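The values are calculated or read from the model by the stated rules, or taken from the named source; none is laboratory data. The shown structure was predicted, so the numbers you read here are calculated from the model rather than taken from an experiment. When we count neighbours, we look across all protein chains shown, and the Cβ atoms used for this are built from the backbone with ideal geometry, even at glycine. Remember, those area values only see protein heavy atoms, side chains included, never the ligands or the DNA or RNA. Shrake-Rupley method; radii C 1.70, N 1.55, O 1.52, S 1.80 Å.
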Amino acid sequence: MQSVRATARYSRAIAAVSDLLARLHLEFAFVGGVARSAWLGTRVERGSIDVVALLTAEQKNQVAMMASNRGFRVERAEIEQSEELDLIPLNFVDAEGDVRVYVLVASNALYGRMVRDAVKETRVVNAEDLALLLALSDDEESQRAAQLLIRLPNFDRASYNRRLVSIGLPQLVVSE
């Protein structure tokens, strides 16, 4: 695994998200483009910053409130619309342009385990969990990224396969 590579604007957004959630003493892990960057060496320069966090309904309100006081734009209407989706949509405000941020609530055991098993130094999900998330996507770029992860020398195929079977996706099992 490498360090996360990002443009200056995205680096500031990633640092601000990390600081926000750490100040609230939440367990969290970056997924999406940030995790891809750490595992595959890509550069974060577009799209949203996606993070999964262990938090309660009360803490969801705290995240939104604290974010609005720490350089994020919080749209109350978006928060209300996303209530049932278990996510908190935020916008990191930056002079170079806003960055969209989605804090996903770890609302099931799979997401909770992903957060607990994340790489502590970078706070990104492990390679096997990222590959699982990418394999579930239906776009070609995500499918290619999942295949690249599976080919990494330290990728734990047995663990990956166990996760796939445990969530009812044995058709995605890869050869060990």
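In table form, for the structure just shown:
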| item | result |
| --- | --- |
| Matching option when the condition is over 18 Å from the mean Cα position of the chain (by Cα) and at pLDDT below 90, among Leu110, Leu164, Leu85, Leu172 | Leu172 |
| Qualifying positions in region 138-152 - free of Cβ contacts under 8 Å to residues at least 40 places away in the same chain and part of a helix (DSSP H, G or I) | Glu140, Glu141, Ser142, Gln143, Arg144, Ala146, Gln147, Ile150 |
| Helices (runs of 4 or more DSSP H) contained in region 1-71 and holding at least 2 residues closer than 16 Å to Asp94 by Cα and hydroxyl-bearing (Ser, Thr, Tyr) | 8-23 |
| Within region 112-132, considering residues that are in contact with a strand residue (DSSP E or B) (Cβ under 9 Å, 6 or more places away or on another chain) and not hydrophobic (A, V, I, L, M, F, W, C), the one surrounded by the fewest Cβ atoms within 10 Å (Cβ to Cβ) | Arg116 |
| Residue within region 153-160 that is surrounded by 11 or more Cβ atoms within 10 Å (Cβ to Cβ), part of a loop (DSSP other than H, G, I, E, B), touching a helix residue (DSSP H, G or I) at 6+ places or on another chain (Cβ under 7 Å) and of a type outside the set (A, V, I, L, M, F, W, C) present | yes |
| Residues located in region 40-73, provided they are at pLDDT 90 or above, open to solvent by 30 Å² or more (accessible area, probe 1.4 Å) and in contact with a strand residue (DSSP E or B) (Cβ under 8 Å, 6 or more places away or on another chain) | Thr42, Arg43, Glu45, Gly47, Ser48, Asp50, Leu54, Arg73 |
| Among the candidates Ala109, Ala135, residue that is free of Cβ contacts under 8 Å to residues at least 12 places away in the same chain, hydrophobic (A, V, I, L, M, F, W, C), open to solvent by 10 Å² or more (accessible area, probe 1.4 Å) and closer than 30 Å to Asp156 by Cβ | Ala109 |
| Every residue from region 93-106 that is farther than 18 Å from Gly33 by Cβ and open to solvent by 70 Å² or more (accessible area, probe 1.4 Å) | Val93, Ala95 |
